[in-house]
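To start, the structure itself, in C-alpha coordinates.
The values are calculated or read from the model by the stated rules, or taken from the named source; none is laboratory data. Nothing here was measured: the structure is a model prediction, and the numbers come from that model. Every residue, glycine among them, receives a Cβ derived from its backbone with ideal geometry; neighbour counts consider all protein chains shown. With ligands, DNA and RNA removed, areas are computed over all heavy atoms of the protein, side chains included. Shrake-Rupley method; radii C 1.70, N 1.55, O 1.52, S 1.80 Å.
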Amino acid sequence: MKNTLHIYLEYEIKQNFQPQYKKIMNNIVESLPQYDACNIQWEKSEADSNRYIERFIVPTESHFHVLKRLRTSRRHLLFGLLDECICGGLKEINLVGLKTQP
(Lines give C-alpha, C1' and ligand atoms only; values in the text may rest on other atoms or scores of the structure.)
Protein backbone atom coordinates (compact mmCIF):
# COMPACT_ATOMS: atom_id res chain seq x y z
CA MET A 1 0.00 0.00 0.00
CA LYS A 2 1.38 3.40 -0.93
CA ASN A 3 0.89 6.81 0.64
CA THR A 4 -2.40 8.55 -0.08
CA LEU A 5 -3.82 11.93 0.80
CA HIS A 6 -7.16 12.46 2.46
CA ILE A 7 -8.65 15.75 1.30
CA TYR A 8 -11.18 17.66 3.43
CA LEU A 9 -13.11 20.71 2.24
CA GLU A 10 -15.50 22.71 4.39
CA TYR A 11 -17.50 25.82 3.50
CA GLU A 12 -20.76 27.63 4.11
CA ILE A 13 -23.40 27.99 1.39
CA LYS A 14 -25.64 31.02 0.97
CA GLN A 15 -29.13 29.90 1.98
CA ASN A 16 -30.82 31.11 -1.23
CA PHE A 17 -28.36 29.09 -3.35
CA GLN A 18 -29.05 25.62 -1.88
CA PRO A 19 -30.83 24.16 -5.00
CA GLN A 20 -28.22 25.57 -7.40
CA TYR A 21 -25.39 24.38 -5.12
CA LYS A 22 -26.75 20.83 -4.95
CA LYS A 23 -27.03 20.64 -8.74
CA ILE A 24 -23.43 21.85 -9.19
CA MET A 25 -22.15 19.48 -6.50
CA ASN A 26 -23.77 16.46 -8.12
CA ASN A 27 -21.74 17.29 -11.25
CA ILE A 28 -18.58 17.82 -9.19
CA VAL A 29 -18.96 14.49 -7.39
CA GLU A 30 -19.38 12.80 -10.78
CA SER A 31 -16.27 14.51 -12.18
CA LEU A 32 -13.85 13.99 -9.26
CA PRO A 33 -12.88 10.43 -10.33
CA GLN A 34 -11.42 12.01 -13.50
CA TYR A 35 -8.85 13.59 -11.13
CA ASP A 36 -8.14 10.16 -9.57
CA ALA A 37 -10.21 10.98 -6.47
CA CYS A 38 -11.91 8.06 -4.75
CA ASN A 39 -14.02 7.38 -1.64
CA ILE A 40 -15.86 10.64 -2.32
CA GLN A 41 -18.20 11.79 0.45
CA TRP A 42 -20.26 14.96 0.51
CA GLU A 43 -22.53 15.86 3.38
CA LYS A 44 -24.22 18.62 5.29
CA SER A 45 -22.69 19.54 8.65
CA GLU A 46 -24.70 18.35 11.65
CA ALA A 47 -24.00 21.63 13.46
CA ASP A 48 -25.03 24.04 10.67
CA SER A 49 -27.43 23.28 7.81
CA ASN A 50 -25.67 25.76 5.50
CA ARG A 51 -22.21 24.25 6.06
CA TYR A 52 -21.01 21.37 3.90
CA ILE A 53 -18.09 18.98 4.15
CA GLU A 54 -16.45 17.05 1.32
CA ARG A 55 -13.98 14.22 1.80
CA PHE A 56 -12.09 12.16 -0.73
CA ILE A 57 -8.77 10.43 -1.26
CA VAL A 58 -6.16 11.17 -3.93
CA PRO A 59 -3.08 9.07 -4.69
CA THR A 60 -0.32 11.72 -4.59
CA GLU A 61 0.64 15.16 -3.32
CA SER A 62 0.65 16.34 -6.93
CA HIS A 63 -3.02 15.40 -7.21
CA PHE A 64 -3.71 17.36 -4.03
CA HIS A 65 -1.96 20.49 -5.29
CA VAL A 66 -3.69 20.37 -8.67
CA LEU A 67 -7.12 19.84 -7.13
CA LYS A 68 -6.52 22.57 -4.55
CA ARG A 69 -5.68 25.03 -7.33
CA LEU A 70 -8.65 23.96 -9.48
CA ARG A 71 -11.20 23.85 -6.65
CA THR A 72 -10.38 27.42 -5.64
CA SER A 73 -10.26 28.79 -9.20
CA ARG A 74 -13.13 31.02 -10.30
CA ARG A 75 -12.03 30.36 -13.91
CA HIS A 76 -12.61 26.60 -13.82
CA LEU A 77 -15.72 25.80 -15.89
CA LEU A 78 -17.26 23.52 -13.24
CA PHE A 79 -15.59 24.26 -9.90
CA GLY A 80 -15.80 28.01 -10.51
CA LEU A 81 -19.61 27.80 -10.51
CA LEU A 82 -19.49 27.37 -6.73
CA ASP A 83 -18.05 30.85 -6.24
CA GLU A 84 -21.44 32.53 -6.13
CA CYS A 85 -22.93 29.80 -3.89
CA ILE A 86 -20.30 29.92 -1.14
CA CYS A 87 -20.40 32.66 1.50
CA GLY A 88 -17.37 34.79 0.68
CA GLY A 89 -16.68 32.87 -2.54
CA LEU A 90 -14.20 30.11 -3.34
CA LYS A 91 -11.45 31.81 -1.33
CA GLU A 92 -13.40 30.90 1.84
CA ILE A 93 -13.12 27.14 1.29
CA ASN A 94 -11.21 25.47 4.11
CA LEU A 95 -9.17 22.82 2.30
CA VAL A 96 -6.82 20.42 4.09
CA GLY A 97 -4.84 17.42 2.91
CA LEU A 98 -3.66 14.74 5.35
CA LYS A 99 -1.03 12.24 4.23
CA THR A 100 -1.38 8.62 5.32
CA GLN A 101 1.49 6.19 5.72
CA PRO A 102 1.42 2.62 4.39
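Observations
- Rolling a 1.4 Å probe over the protein heavy atoms of the stretch 40-102, with every protein chain left in place, gives an accessible area that is 51 percent carbon and sulfur.
- With K and R counted +1 and D and E -1, the other residues having a Cβ less than 11 Å from that of residue 94 yield a net charge of -2.
- Pair residue 87, residue 50: separation of 7 Å Cα→Cβ label points (nm): 0.4
- Distance-filtered residues of the stretch 20-45 - backbone nitrogen under 19 Å, label point 7 angstrom along residue 10 Cα→Cβ: 40-45
- Listed residue (88, 78, 41) projecting farthest to the positive dipole end of the chain, Cβ model: 78
- Extension gain for the segment residue 18 to residue 41, taken as residue separation times 0.36 nm less the Cα-Cα distance, is 6.5 nm to one decimal.
- Alpha carbon centroid spacing (whole Å) that separates the stretch 50-101 from the stretch 6-48: 9
- Cleavage-rule hits (GluC sites (Glu not before Pro)) in the stretch 18-102: DSSP loop, at most 10 neighbouring Cβ within 10 angstrom: 46
- Protein heavy-atom accessible surface, 1.4 Å probe, per residue over the chain: 61 Å².
- Within the listed set 29, 58, 66, the Gaussian network model of the chain (springs between alpha-carbon atoms below 10 Å) gives the highest mean-square fluctuation for 66.
- Kirkwood Rh in Å, taken over all unlike Cα pairs in the stretch 25-102: 13.4
- Extension gain, residue 98 back to residue 65 (0.36 nm per residue minus Cα-Cα distance, nm): 10.7 nm
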